[in-house]
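Throughout, read-outs are computed from the coordinates displayed, never taken from laboratory work. This structure is a prediction, so every number in the text was calculated from the model and none was measured. Here the Cβ positions follow ideal geometry from the backbone for every residue, glycine too, while neighbour counts run over all protein chains shown.
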Amino acid sequence: MKPNEPSRTALMIARQRAAHQVLDHGSILYDPFAMKILREDEKEVLQFANGHPLASIGRLFTTARSRIAEDALSRAVERGIRQIVILGAGLDTFALRNPHGARQIRIYEVDHPATQAWKRQRLAEAQIALPAWLILVPVDFERDDVGEKLVAADFQQNSPAFFTWLGVVPYLTQDAIGRTLDYISSIQNSEVVFDYMEPEAFSEELRQLEKERTEQLKKIDERSVSRFEPAGIAAILHSHGFGAIEDINFQEIASRFGRAVQGLAPGHLGVHVVHAKH
Ligand SMILES: C[S@@+](CC[C@H](N)C(=O)[O-])C[C@H]1O[C@@H](n2cnc3c(N)ncnc32)[C@H](O)[C@@H]1O
């Protein structure tokens, strides 16, 4: 990310969620706030969605990873978890849609200070009030101690928590990833859903597009710096004491959710969603 500037990739993901509402009727992730928080009209959103062959694949993956995380989160709430931490929240709207309000859950949105300030401003401009259960915690994963910041925001370290960490790991250094996993695993009965990219992330059909995307990310200073093999991720999670690990690859995601995406382009990405329990 550029210093003191909000994440541009957070905006791209929000556009994908909005396009999913317009083109796919929110059939993977229904999000009545997706267009509102974006503050763009349908024409702009469709231009983005139709502008690139990768967009339909990105739309599938970004909405499916949120759906997988939110389904797992609901099961955790059923089991009694009351603290939810959304790491690198971007323009995620789960806290606005919270279906568990009656259960008195608390939702901590942790994000880079510049992205979080930008989100606050967007919500204010869209006249969307911050719900009472939402606590915003500005953190730079590369510099700050996430635990210290959460505790200062009244997070209960002795109670279980469910963490989502979507679209963030590829942009962090191995050091920041390790420190964040250290913290998540220090919370008893914690769970986390996150996604990661393989070193060879693009299939043959999409390889020529990779160069273009890398150039674009370089310009906005949001390069994907950390990629992993599935065996490497499993080893890291085991070394942090995570016992139950479910690793869902792109092919599984496409067979579960692909039909819901209008005009899904051929090709696949070496991307995975992981649900791990401590
Ligand atoms: C691709 S966006 C994903 C946003 C959101 N999770 C979603 O799915 O819509 C990446 C997010 O990671 C956050 N991020 C990247 N580097 C960070 C850092 N060093 N510290 C804190 N947040 C960071 C950005 O601010 C942004 O919100």
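Segment 160-233 gives an Rg/Rh value of 1.05, both radii derived from C-alpha positions and Rh following Kirkwood. Entry for segment 26-74 at q = 0.18, 0.26, 0.27, 0.31 Å⁻¹: log10 I(q)/I(0) = -0.65, -1.10, -1.12, -1.18, Debye formula applied to identical alpha-carbon scatterers, no solvent contribution.
Neighbour counts of C-beta atoms inside 10 Å place 213, 143, 39 in the sequence 143, 39, 213, starting with the fewest. Think of each Lys and Arg Cβ as +1 and each Asp and Glu Cβ as -1; about the Cα centre, that makes the dipole of segment 182-271 roughly 240 debye.
Here each label is just a point 7 Å from Cα along the line to Cβ, and for residue 186 and residue 262 those points are 4.8 nm apart.
Counted over all Cα-Cα pairs of segment 154-196, pairs farther apart than 13 Å make up 55 percent. Placing a label point 7 Å from the Cα of residue 205 along the Cα-to-Cβ direction, the residues of segment 253-277 whose backbone N falls under 20 Å of that point are 253-273.
Going by a ≥ b ≥ c, the root eigenvalues of the Cα gyration tensor, does segment 112-252 fall in the rounded group (a/c under 1.5), the prolate group (a/b larger than b/c) or the oblate group?
On the way: a/c = 1.98, a/b = 1.18, b/c = 1.67.
The shape class here is oblate.
To the nearest 0.05, how large is the calculated FRET efficiency for residue 227 and residue 102 if R₀ is 51 Å and r is the Cβ-Cβ distance? For R0 = 51 Å, the calculated efficiency reads 0.80.
Explain nothing, just the number: dipole magnitude of segment 116-164 about its Cα centre with +1 on each Lys and Arg Cβ and -1 on each Asp and Glu Cβ, in debye rounded to the nearest 20.
Computed charge dipole of segment 116-164: roughly 240 debye.
Extents of segment 189-278, largest first, come to 41, 33, 20 Å (Cα atoms, principal axes, whole angstrom).
Annotation for residue 145 and residue 251: the two label points, set 7 Å from Cα along the Cα-Cβ direction, are 4.5 nm apart. If you average the alpha carbon positions of segment 34-91 and of segment 198-265, how far apart do those two centres end up, in angstrom? About 16 Å separates the Cα centre of segment 34-91 from the one of segment 198-265.
Remark: 60, 130, 172 ranked as 130, 172, 60, counting other beta-carbon atoms within 10 Å and listing the fewest first.
Whole-Å semi-axes of segment 32-166's equivalent ellipsoid, largest first, each the root of 5 times a Cα gyration tensor eigenvalue?
Its equivalent ellipsoid spans semi-axes of 26, 18, 15 Å.
When the convex hull of its Cα atoms is viewed from all sides, segment 111-180 shows a mean projected area of 5.5 nm². Exposure proxy ranking for 20, 25, 275, 100, based on other Cβ atoms within 10 angstrom of each Cβ and starting from the fewest, stands as 25, 100, 275, 20. For a paramagnetic label modelled on residue 50 (point 7 Å from Cα along Cα→Cβ), amide N atoms under 13 Å away belong, within segment 253-278, to 263.
Normalised by the number of residues in the chain, the average gap of Cα pairs under 8 Å and 6 or more apart makes the relative contact order 22 percent. Partner lysines whose Cα lies under 20 Å from the Cα of residue 211, excluding those fewer than 8 positions away in the same chain, are identified as 219. For the chain, the mean projected area of the C-alpha convex hull, equal to one quarter of the hull surface, is 13.5 nm².
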